[in-house]
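Below: one structure, written as structure tokens.
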Amino acid sequence: MLIPVENHPQPRAAAFFDLDKTVIAKSSALAFGRTFYRGGLINRRAVLRTAYAQFVFLAGGADHDQMEGLREYLSTLCRGWDVQQVREIIAEALHELIDPIIYDEAASLIEEHHTAGRDIVIVSTSGSEVVEPIGEMLGADHVVATRMEVVDGCYTGEIEYYAYAETKARAIAELAESEGYDLHRSYAYSDSITDLPMLEAVGHPCAVNPDRALRREAVARQWPVLTFSRPVRLRRRLPSLSAAPPLAVALAAVGAAVTTAGVVWYATRRRTPTW
């Protein structure tokens, strides 16, 4: 996809990217199943269910009702979890697991938008503990993500901010106001029909590896439909990029643990396989 470079003064613009199946080839949370098993967070059966949930996610994702069920479950699941314990188990795993699954096509688009003078914003329903260090790896200017409440080093079971559906669009509008973005000149990329409000918020929406519902919508509205299929190690592609800072990597562990456990539950609810 050719991104025009603007050589004359214009209001600022941005490119808003969903994360899972748009920038990276898998669920950012489900990538940690084996790490959780080695750390004692989940058992072997849960590892298998995690693999199955990854397949379900890649095959079609989750609809609105399933995402709401996941959100409710996460609130109950994480209550009382010790954040530091989770950090210690998988603090060193994020860069190793996420770096190899970043789409080459997405990395190219991010580079092109930056070259054209547009800010890069990652907008994801995943936890901020996961999304922020990934955004840093990618050179993003801003990140919008779900935030879990933490008190005295433990999750309370409450979600402070849920970055999903219409909430993403509102966040984009608020960021545009604070940063001076012209949304009519901005771009958005997502794979899911639940991100339709986010795509409608900009002048240049693009469907990336879309689910069936979003593909129908994109075709009907004559939006570009892009296929990303080449995961590549980011440091191999862009050798100048440094590894994620240890603190950022440690913070990423928390959101990954919470989100993965919830999606494992979702996959079990959707279909219980026999092993």
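Quick note: the coordinates plus some simple rules give every number you see, no bench work behind them. Bear in mind the structure is a predicted one, so any value in this text is a computation, not a measurement. Here the Cβ is made from the backbone with ideal geometry for all residues, glycine too, and neighbour counts use every protein chain on show.
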In what sequence do His204, His114 fall when counting other Cβ within 10 Å, fewest first? His114, His204
Restricting to the stretch 103-209, what percent of DSSP beta bridges are antiparallel, rounded to 5? 30 percent
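Going by average Cβ density within 10 Å per residue, which order do the peptides 136-149, 186-199, 169-182 take, highest to lowest?
Working: 136-149: 19.8, 186-199: 24.7, 169-182: 15.9.
Highest-to-lowest ranking by the protection proxy: 186-199, 136-149, 169-182.
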